[in-house]
Amino acid sequence: MATETHRRTLLRTSATAISIGVLSLVATQGARADDPAKILKGMTDYLAGQKSLSAKFDSDIEIVTPGLQKIQFTSSGEMKMNRPDKLRVRRTGGYADVELVYDGKTVSLYGNNAKSYVQSDLAGTVDQVIDTLQSRSGAGLPGADLLLSNSYDQLMADVVEGKHIGLGVVDGVECEHLAFRGVDTDWQIWVEPGAKPVPRKYVITSKTVTGAPQYTLKIKDWKTEANADGDFAFKPPTDATKVALDSAVMIEFDEIPPGTPAGAKK
């Protein structure tokens, strides 16, 4: 009897080991080296192929104090875009309430707290406007690299390694979890599978900053219906003042208070 019991135990143990081995093999095969790039390319091609996009977002940016304490600043907002040359982004946080509007000819940046705005003539595509704003003013646009028509090339520019981690759930939606390593930053992205492969979460880790602070962007309510032309018309409030381009409005557009150490960047 003892021998038969021992044999059954061995069979059960062997069956369990085989099951674990099979599951491990399936997991390994499901995480092929070329998967992350293919999934990311599918996502960027889908977004670039949409004439109109809108979404809501929540963002968290971390900073590291001289005493090595991590502090996180949180904002929420909404984005609307009509390709090739219409963009509107509104972001509200504890230290800023700002709106960027581009109608194809003029870019306007309004700070509700400062009750002032700046404007500049700027003709071009959304890609060109984003590049100009970031290079000339240093203003950050949450997830702007995801909106570019050449988003895949920009995201993969300095990537040295990519992995398909597996599945994750963001706001109740099952997503493909990808992780990429770059020279100065590591980043992760969660992509909803299927016919509409939109990004649901995006995390950037700054490796060259002490404490490796992170920038986290969660995106929801993706829509591809055409936005009305009126959505991109800027009408300053009657109590708003137009000011110079290098004014406090540009400072207010940042997600962290003036004088705070730099946070995570992409």
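The values are calculated or read from the model by the stated rules, or taken from the named source; none is laboratory data. Note that the structure is a prediction, hence the values are computed from the model and not measured. Cβ atoms come from the backbone with ideal geometry, glycine included; neighbour counts cover every protein chain shown. Just so you know, the surface numbers come from the protein's heavy atoms only, side chains and all, with ligands and any DNA or RNA stripped out. Shrake-Rupley method; radii C 1.70, N 1.55, O 1.52, S 1.80 Å.
Some notes on this structure:
- Entry remark, region 89-105: residues being touching an Asp or Glu at 6+ places or on another chain (Cβ under 6 Å) and open to solvent by 30 Å² or more (accessible area, probe 1.4 Å) number 1 in total.
- Residue in region 205-224 that is in a strand (DSSP E or B), of a type in the set (Lys, Arg) and without any contact (Cβ under 8 Å) to a residue 60 or more places away in the chain present: no
- Residue 153 vs. criteria touching a helix residue (DSSP H, G or I) at 6+ places or on another chain (Cβ under 9 Å), part of a helix (DSSP H, G or I) and not aliphatic (A, V, I, L, M): yes
- Yes/no for residue 58 being open to solvent by 30 Å² or more (accessible area, probe 1.4 Å) and touching a residue at least 12 places away in the same chain (Cβ under 8 Å): yes
- Of all residues making up region 63-88, the number that are surrounded by 19 or more Cβ atoms within 10 Å (Cβ to Cβ) and modelled with pLDDT of 95 or more: 8
- Screening residue 169 with (1) open to solvent by 30 Å² or more (accessible area, probe 1.4 Å); (2) on the phi < 0 side of the Ramachandran plot; (3) modelled with pLDDT under 95; (4) not aromatic (Phe, Trp, Tyr) gives one miss only, at (3).
- Search result, residues across region 111-136 that are in contact (Cβ under 8 Å) with a residue 12 or more places away in the chain and charged (D, E, K, R): 115, 121, 127
- Enumeration of residues in region 146-166 that are surrounded by fewer than 16 Cβ atoms within 10 Å (Cβ to Cβ) and among the β-branched types (Val, Ile, Thr): 160, 165
- Condition met for residue 220 (modelled with pLDDT of 95 or more and out of contact with any strand residue (DSSP E or B) (no Cβ under 6 Å at 6 or more places or on another chain)): no
- Selection within region 111-136 - crowded, with 17+ Cβ neighbours inside 10 Å and closer than 22 Å to residue 217 by Cα: 111, 126, 127, 129, 130, 133
- Selection within region 80-110 - under 26 Å from residue 260 (Cα atoms) and under 16 Å from the mean Cα position of the chain (by Cα): 89, 90, 91
- Subset of region 175-185 [open to solvent by 30 Å² or more (accessible area, probe 1.4 Å) and either among the small types (Gly, Ala, Ser) or farther than 19 Å from residue 47 by Cβ (or both)]: 181, 183, 184
- Hits in region 223-239 - residues which are at pLDDT 95 or above and either among the basic types (Lys, Arg) or in contact with a Pro (Cβ under 7 Å, 6 or more places away or on another chain) (or both): 223
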